[in-house]
Amino acid sequence: MEIRRRESIAECELPETLHPVLRQVLMRRRIHSAQELSYGLDALAPPDALGNVNAAAELLAAHLDRRILVIGDFDADGATSTAVALLGLRALGARQADFLVPDRFRFGYGLTPEIVELAATRDPDLIVTVDNGISSLAGVAAARAKGIRVLVTDHHLPGARLPDADVIVNPNLPDDPFPSKALAGVGVMFYVLLALRKLLRERALLPVPEPNLAGLLDLVALGTVADVVPLDHNNRVLVHQGLARIRAGRCRPGILALLEIAKRLPAQLAAADLGFAVGPRLNAAGRLEDMALGIECLLADDHAKARELAARLDALNHDRRGIEQQMKEEALAAVEKLALDAELPLALCLFEQGWHQGVVGIVASRVKDRVHRPVIAFAEDDVTGMLKGSARSVPGVHIRDVLDAVATRHPGLVEKFGGHAMAAGLSLAAGRLDDFAAALDAEVARWVSPEELRGVVPSDGELAPEFLRLECAEALREAGPWGQAFPEPQFDGVFEIRDRRVVGEKHLKLRLASGGGAPLDAIAFNAGDFPECRAVRAVYRLEVNEWQGRRSVQLVIEHMIACEADA
């Protein structure tokens with residue numbers, strides 16, 4: 001484990017009244033001024049700044065009394081985007097708004113010609129894609145050929161050609177002036193609704209009382225965090241506002257039900273809870289069955305119905321964990337076999353017969369964390385025989401651009417692909433896996449050297465004993481939301497082990513002491529087999545532990561190695 005301490009900016013205008021540890025943490029995240037910590041709704045980038053948003057509002061306004069069909073993706077961003085679209089459109093006067101989400105195992109991702117055929121049986125006048133559509137050239141063409149108008153709202157990176165939709169709203173379109181390129185799909189749809197409300201207000205067509213679209217921010221926060229998009233300032237505003245509503249209990253019954261079944265208290269919610277407790281349960285529906293279940297949970301107005309749906313999602317998530325664990329073990333065994341013969345490739349392609357399409361993305365992520373390099377895990381499509389791959393990358397390797405380069409250098413090798421810098425999906429013929437793996441490794445070599453793919457654990461430095469206290473932990477907690485590209489603070493240090501025991505079969509509960517300070521509680525998840533030793537060098541988060549009404553500081557250990565106490 002190599003610990004690399006984050007560098008701090010030399011100068012900033014942050015208030016001196018901030019807790020000194022928090023001030024240093026923010027400087028290491030390149031926060032220059034208090035304005036960047038302003039999370040009021042007035043700090044959001046204005047809707048008019050998003051390209052084509054006014055044209056989208058015009059198109060929607062013209063269809064409020066006609067049939068609108070929302071077609072989403074089958075992940076948490078897609079589910080929340082769909083729910084936001086339906087709730088917002090209905091509140092703004094849409095009379096016949098409904099949704100359709102593709103079954104990933106029958107139709108695959110996006111607005112495909114096949115899903116258009118199914119959509120056409122509902123006779124829509126307008127299809128609105130959420131969290132997909134930017135690569136759906138054939139699907140949009142199929143819809144237009146049937147006389148169905150199409151509004152694409154998406155945030156994925158566009159390819160060389162754009163679909164021939166009536167309107168496309170995507171902050172990542174070339175020359176789009178919107179300042180936040182990091183909007184999730186749910187954020188894009190939220191902005192479209194803001195523009196529609198403004199248009200209807202100008203035309204005196206708004207329902208009375210005027211809809212409060214801020215009531216959708218609980219869903220926007222959930223989709224933004226669960227999709228692991230960078231938390232730039234604009235996204236932090238959206239997440240902060242959504243979290244505030246959830247903490248106050250002013251949120252969808254489905255979110256409350258998912259928090260309840262995950263044993264999270266809304267009043268104490270952090271952004272990480274949305275990503276690690278709520279998001280996976282919502283995603284489980286799209287991974288194993290049908291995301292319609294997750295969307296119905298988010299749309300439920302009745303608390304009893306929401307609890308019933310949340311229980312079904314929790315059961316699916318339990319099944320997903322079992323499937324994932326088996327696949328992860330098989331994947332890591334394959335990696336160890338590779339490492340016996342030679343150095344690992346710069347990018348790994350993994351495939352086993354019988355792997356589940358819905359879980360390969362999680363497996364790729366888990367293996368990537370272990371080997372510190374891009375990983376693509378593949379599963380075979382039972383219908384087409386194609387290999388469906390899910391890629392996860394590391395800093396320095398823009399995986400969507402890598403796939404684009406591979407497709408350009410090797411025409412016909414990749415059937416289709418799309419995604420982001422850190423995650424992407426692709427399809428290829430089963431017999432071309434070895435060819436693709438070689439091409440991928442060669443392309444990644446153009447981006448990074450082997451030395452750059454070592455495991456590096458970032459740290460905000462060492463904390464003096466006087467800062468290992470509840471006051472500091474509370475200051476850090478309240479300064480969020482923390483997340484992708486605005487990482488939660490973590491520190492490093494050497495600690496003596498005063499006591500240790502295994503809890504929950506695989507977690508290590510510790511009492512640690514440092515620098516003559518009082519012993520502290522600590523926990524290292526999934527580390528029950530850590531070897532006996534007198535001291536550890538640990539990278540940890542400083543958290544507030546709440547138990548039976550008592551609040552105390554706790555170290556949550558992310559990485560540790562045995563060492564000498566005086567190291």
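The values are calculated or read from the model by the stated rules, or taken from the named source; none is laboratory data. Since the structure is predicted, the reported quantities are computational estimates derived from the model, not experimental observations. Please note: Cβ atoms are built from the backbone with ideal geometry, for glycine as well, and neighbour counts cover all protein chains shown. The protein model used for the area step is the full one, side chains on, heavy atoms only, and it has no ligands, DNA or RNA in it. Shrake-Rupley method; radii C 1.70, N 1.55, O 1.52, S 1.80 Å.
Descriptive notes on the structure:
- Alpha carbon centroid spacing (whole Å) that separates the range 470-532 from the range 288-332: 30
- Globularity ratio of the range 446-509, using Cα Rg and 2.2 N^0.38 Å: 1.55
- Descending by average beta-carbon neighbour count within 10 Å, the peptides 211-223, 265-277 line up as 211-223, 265-277, the highest first.
- Annotation: amide H of Ala300 within the under-5 Å range of Gly254, sequence separation 5 or more or interchain, hydrogens built in the peptide plane.
- Extension gain (nm, one decimal) between Ala55 and Arg5, 0.36 nm per residue minus Cα-Cα: 13.3 nm
- The range 163-268: trypsin sites (Lys or Arg not before Pro) in DSSP coil with no more than 14 other Cβ atoms inside 10 Å: Arg203, Arg250, Lys263
- One chain, two ends: Thr17 and Leu41. Fully extended at 0.36 nm per residue, the span grows by 6.2 nm beyond their Cα-Cα distance.
- When only Cα pairs below 8 angstrom with a gap of at least 6 residues are kept, the range 12-148 shows a relative contact order of 23 percent.
- Debye intensity ratio I(q)/I(0), log10, the range 321-381, q values 0.12, 0.18 Å⁻¹ (C-alpha model): -0.25, -0.55
- Protection proxy ranking of 392-400, 325-333, by the mean of other Cβ atoms within 10 Å over each peptide's residues and highest first, is 392-400, 325-333.
- Computed extension length for Cys533-Asp175: 123.2 nm, one decimal, from 0.36 nm per residue of separation with the Cα-Cα distance subtracted.
- Across the alpha-carbon set of the range 245-325, the Rg to Rh ratio works out to 0.96, Rh being the Kirkwood radius.
- Value of relative contact order over the range 410-567, rounded to a whole percent, pairs C-alpha under 8 Å and six or more apart: 18
- Ellipticity estimate at 222 nm from DSSP helix runs (n ≥ 4, -39,500 (n - 2.57)) divided over the chain, nearest 500: -11500 deg cm²/dmol
- Magnitude of the charge dipole for the range 91-132, about its Cα centre and with charges confined to Cβ atoms of Lys, Arg (+1) and Asp, Glu (-1), is about 100 debye.
- Relative contact order %, the range 398-441, counting alpha carbon pairs below 8 Å whose residues are six or more apart: 39
- Paramagnetic label reach from Gln325 (point 7 Å along Cα→Cβ; backbone nitrogen cut-off under 13 Å): within the range 524-567, residues 526.
- Tail weight of P(r) past 32 Å, computed on alpha-carbon pairs of the chain, percent: 48
- Charge context of Ser427, other residues only, Cβ under 15 angstrom, K/R +1, D/E -1: -1
- Computed label-point distance, nm, for sites Ala315 and Arg511 using a 7 Å Cα→Cβ extension: 4.4
- The alpha carbon centroids of the range 245-280 and the range 26-94 are separated by 21 Å.
- Dipole magnitude of the range 444-514, debye to nearest 20 (Cβ charges: Lys/Arg +1, Asp/Glu -1, about Cα centre): 420
- Lys337 accessible area, 1.4 Å probe, all protein chains in place, Å² to nearest 10: 140
- Label-point separation in nm, Asp369 to Glu343, each point 7 Å along Cα→Cβ: 2.6
- Scaled against 2.2 N^0.38 Å for its residue count N, the alpha carbon radius of gyration of the range 485-567 is 1.07.
- The convex hull of the Cα atoms of the range 264-406, projected and averaged over all directions, covers 11.0 nm².
- Principal axes of the range 315-472: Cα extent on each, largest first, Å: 61, 43, 32
- The range 95-203 shape via C-alpha gyration tensor axes, a/c threshold 1.5: oblate
- Taking Cβ atoms as reference points and 10 Å as the exclusive limit, the residues near Leu126 contribute a net charge of +1, counting Lys and Arg as +1 and Asp and Glu as -1.
- Local charge for Arg203 was computed over the other residues whose Cβ lies under 12 Å away, with Lys and Arg +1 and Asp and Glu -1, and equals +1.
- Listed by number, the DSSP H helices of the chain that run 24 Å or longer by alpha-carbon position along their axis and have mean Kyte hydropathy of at least -1.0 are 185-202, 303-341.
- Spread over its residues, the convex hull of the C-alpha atoms of the range 410-533 is 203 Å³ per residue.
- Cα-based shape type of the range 1-145, given that a ≥ b ≥ c are square roots of the gyration tensor eigenvalues and the cut on a/c is 1.5: prolate
- Whether the range 369-422 is rounded, prolate or oblate, judged on the alpha carbon gyration tensor where a/c under 1.5 counts as rounded: oblate
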